[in-house]
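The structure appears right after this line, and notes come after that.
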Amino acid sequence: MSSQPPHPTVLIPGPIEYDDEVLKAMSHYSEPHTAVPFVKVFGETLTMLRQLFQTTNPNSQPFVINGSGTLGWDQVAANLAERGDDVLVLHTGYFADSFADCFETYGVKATQLKAPIGDRPQLDEVEKALKEKEYKILTVTHTDTSTGVLSEIKALSELVHRVSPNTLVVVDGVCSVACEEIRFDDWGIDVVLTATQKAIGVPAGLSILMASERAIERFRARSTPPPSYYGSWKNWLPVMQNYEAKKPSYFATPSPQLIHALHTSLTQILSRPLEERFRLHKEASQKVKKAVAELGLKQLPTKPENEANGMTAIYLPEGLTPPEILPKLIAKGIIFAGGLHKEIATKYIRFGHMGVSVTDPKRDDLDKAIKALKEGLAEVSQK
């Protein structure tokens with residue numbers, strides 16, 4: 001049984017429920033961030049991230065910096081693009097708008113290739129766009145947390161390498177890392193950025209990013225300094241390299257407690273084959289989506305191949321809004337999220353199913369959530 005105080009089960013697309021051992025690691029006693037024991041833990045954590053992202057190239061580079069997933073956007077925009085550059089942002093929801101806005105903040109010209117709500121830009125559309133202009137970077141949100149739409153990374157990366165080989169492939173994996181398959185080396189990805197509070201299963205506070213050898217070379221070949229101080233790889237790259245080599249280093253103070261928690265979570269994740277973890281998430285997703293269909297509800301994604309495995313975005317019955325159903329679910333001990341996409345925010349809710357709620361066989365979070373949703377809908381329909 002969990003040692004955590006009783007609380008409603010959090011089943012939103014992050015933050016998620018946390019394992020007891022991860023939370024215990026958060027209360028690690030104080031230690032200097034340059035002390036030998038902590039440097040060892042941080043170094044091991046960076047090495048484990050290579051395994052999670054499935055990269056064996058010693059010249060790729062993991063970064064773990066205090067911040068949220070949003071800091072990953074800043075790192076990409078500030079370090080891999082320069083003022084006046086063109087970037088192509090594939091749009092599947094709210095987070096593409098935000099990534100584009102981040103680029104524009106740094107004077108980078110972001111062109112968005114949009115798809116209808118619930119869909120993703122098609123490969124032929126992407127190919128056409130890449131042939132029309134030279135783009136420094138292409139970004140794609142692997143799972144858009146606002147819509148539950150999943151993008152296909154492997155085929156997309158192959159297309160970019162074939163049509164526009166100088167374009168960097170950048171994946172926003174905030175809601176996909178550790179619940180969707182990502183093969184960094186095999187798929188030719190240049191950057192995956194993520195955060196701790198979703199499928200990785202660690203409280204919010206760390207921005208995680210994996211950069212390819214090609215991305216690091218692009219950074220080093222800049223003609224202008226990065227227009228960021230805190231997010232500059234000029235400051236962070238030597239720190240990350242030193243920590244992984246088990247040498248103390250300093251630019252800005254890391255969070256030892258969060259690093260310990262991340263070390264604990266990654267140790268748990270990597271104790272079993274990643275293929276098994278991805279399979280469990282897919283099976284859980286299919287279970288949830290089957291239950292949603294049996295309740296007569298529709299998902300935002302318009303095709304099965306667009307459906308993410310770590311979350312489900314669910315249209316409510318006509319006339320029902322999130323504020324009418326979400327409190328009933330909370331009363332039953334379940335927390336779902338309301339809609340986030342500004343065009344349809346009042347029409348749907350979001351069910352997150354990732355991390356320990358999926359991988360821990362002792363938990364019945366998903367069964368409880370499906371039961372609560374069924375009962376809650378029945379209650380509101382009787383009014």
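The values are calculated or read from the model by the stated rules, or taken from the named source; none is laboratory data. No experiment lies behind these values; they were computed from the predicted model shown. Quick reminder, even Gly has a Cβ in these numbers, built from the backbone with ideal geometry, and neighbours come from all protein chains shown.
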If Thr267 satisfies all but one of (1) in contact (Cβ under 8 Å) with a residue 60 or more places away in the chain; (2) within 18 Å of Ser357 (Cα to Cα); (3) more than 20 Å from the chain's Cα centre (by Cα), what's the number of the condition it fails?
(3)
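Looking only at the stretch 289-321, which residues are assigned to a loop (DSSP other than H, G, I, E, B), under 28 Å from Leu156 (Cβ atoms) and in contact (Cβ under 8 Å) with a residue 40 or more places away in the chain?
Let us first name the residues in the stretch 289-321 that are assigned to a loop (DSSP other than H, G, I, E, B), namely 295-298, 300-303, 308-310, 316-321.
Checking the rest, the ones that are also under 28 Å from Leu156 (Cβ atoms) come to 298, 300-303, 308-310.
The answer is Leu300, Pro301, Thr302, Lys303, Ala308, Asn309, Gly310.
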Candidates Cys179, Cys102, Cys175 - the one that is surrounded by fewer than 24 Cβ atoms within 10 Å (Cβ to Cβ) and either in contact (Cβ under 8 Å) with a residue 40 or more places away in the chain or in contact with a helix residue (DSSP H, G or I) (Cβ under 6 Å, 6 or more places away or on another chain) (or both):
Cys102
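It is to be established whether one or more residues within the stretch 78-86 are surrounded by 16 or more Cβ atoms within 10 Å (Cβ to Cβ) and under 27 Å from Ala308 (Cα atoms).
no
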So the check is Cβ under 9 Å with 6+ separation or different chains; which pairs have a first residue in the stretch 372-383 that's closer than 16 Å to Ile349 by Cα and a second one that's among the aromatic types (Phe, Trp, Tyr) and crowded, with 19+ Cβ neighbours inside 10 Å?
Ala372/Phe336; Leu373/Phe336; Leu373/Phe351
Of the residues that make up the stretch 111-131, is at least one within 19 Å of Gln75 (Cβ to Cβ) and not assigned by TED's automatic domain parsing to the domain that holds His281?
no
Report yes if some residue within the stretch 336-346 is polar (S, T, N, Q), part of a helix (DSSP H, G or I) and out of contact with any strand residue (DSSP E or B) (no Cβ under 6 Å at 6 or more places or on another chain); otherwise report no.
yes
Residues in the stretch 359-376 that are out of contact with any Gly (no Cβ under 8 Å at 6 or more places or on another chain) and buried (at least 19 other Cβ atoms within 10 Å of the Cβ) total 7
